[in-house]
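Encoded as structure tokens, the structure appears first; notes follow it.
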Amino acid sequence: MDYLNVYREMISLRGLTDHTVKSYSTYIRSYLDYLHTLLHKQPEDVSWDELRDFIRWLQKERALSDRTINHCISQLRFFTMYVLHKPWDPTQLPMRKFDSFLPFVPTQKEAELFISTLSDLKPKAMVALMYSAGLRVGEVCSLRYRDIQRKNMRIHIAHSKNRSDRYAVLSQKALDILTDYWFAYGRPSGWLFPKQTDPSRPIDTFYITRHMRAHEESLGWEHRLTCHSFRHAFGTHLYENGTDLLTIKNLMGHK
């Protein structure tokens, strides 16, 4: 059996995105490689003790976080049930507890300084949208020209994290920056931020991450900002300015 391809086929039936299927597949690929190179066993012949040994090996060799280990256990469960068609006993491989930490949230002055000092209009427009509308980086990268509704001052977000559409606020400042970018970068009419090497595809998320890291260095700042920092800052600053939590959750697309 081509275990990896069968796994991909089965998990794709859940209706997950290609990116999620690819991400989940890395856990099973590592597991199959481990069986082939170290145990010399087929998956259906693996014992619970050997499954636990694999988790210990991951922790030792890969230094993965407890949260990532839990993702791996979840995919081992799916693989066992839907590829091997064997029962899964959760008492044999428990999920790990993990620490939760507050994310770094820049102050309003820090966020505005960071955006205003970006010289390249493309990353400037992307960060401005993340901050002013509380968008995820993937949502910004996937925006199309038609999603910017200037008349209603809102942004249409298609197929977000929960595979649902929603509207986000469009501030005048973000629109002004976005308009400058649009004229400077050839007036894109499809993807708002097309990939440079292939305009038929949206830009990769690492583009903005790379520019943010470089800009932090140019400002002499410690590396603390992530794309999600600006989404958190959006909600935090709205709340500090008197917006109620329910409105903030609705604006950020939380259920």
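When a/c reaches 1.5 or more, the comparison of a/b and b/c decides; with that in mind, is the stretch 157-197 rounded, prolate or oblate per its Cα gyration tensor?
oblate
Please report the relative contact order for the stretch 142-239, taking Cα pairs under 8 Å with a sequence separation of at least 6, and give it as a percent rounded to a whole number.
20 percent
Can you classify the chain as rounded, prolate or oblate using the Cα gyration tensor, where a ≥ b ≥ c are the square roots of its eigenvalues, rounded means a/c under 1.5, and otherwise it's prolate if a/b beats b/c and oblate if not?
In terms of gyration-tensor shape, prolate.
To the nearest 20 debye, what charge dipole does the stretch 131-203 have about its Cα centre, counting +1 at the Cβ of each Lys and Arg and -1 at the Cβ of each Asp and Glu?
It comes to approximately 220 debye.
If R₀ is 35 angstrom, what is the calculated FRET efficiency for the pair Gln59 and Ser164, using the beta carbon separation as r and rounding to 0.05?
0.50
With the other protein chains left in place, how much accessible area per residue, in square angstrom, belongs to the chain at a 1.4 angstrom probe?
Heavy-atom accessible area per residue stands at 60 Å².
Rounded, prolate or oblate for the stretch 96-196? Axes are the square roots of the Cα gyration tensor eigenvalues, ordered a ≥ b ≥ c, and the cut-off for rounded is a/c under 1.5.
Note, shape of the stretch 96-196 comes out oblate.
Let's see if you can work this out: charge +1 on each Lys and Arg Cβ, -1 on each Asp and Glu Cβ, no other charges. What is the dipole magnitude of the stretch 3-99 about its Cα centre, in debye to the nearest 20?
260 debye
Taking all protein chains in place and a 1.4 Å probe, what share, in percent, of the accessible surface of the stretch 1-150 do carbon and sulfur account for?
Whole-percent figure for carbon plus sulfur exposure: 52.
How high is the relative contact order of the chain? Use alpha-carbon pairs under 8 Å, at least six apart in sequence, and give a whole percent.
Value for the chain: 18 percent.
Under unit Cβ charges (Lys, Arg +1; Asp, Glu -1), what dipole magnitude, rounded to 20 debye, does the chain have relative to its Cα centre?
The calculation lands at about 680 debye.
The values are calculated or read from the model by the stated rules, or taken from the named source; none is laboratory data. Fair warning: this is a prediction, and the values are worked out from it, not measured in the lab. Note that we place each Cβ from the backbone using ideal geometry, even for glycine, and neighbour counts take in every protein chain shown. Quick note on the areas: whole protein, heavy atoms, side chains included, nothing else; ligands and nucleic acids left out. Shrake-Rupley method; radii C 1.70, N 1.55, O 1.52, S 1.80 Å.
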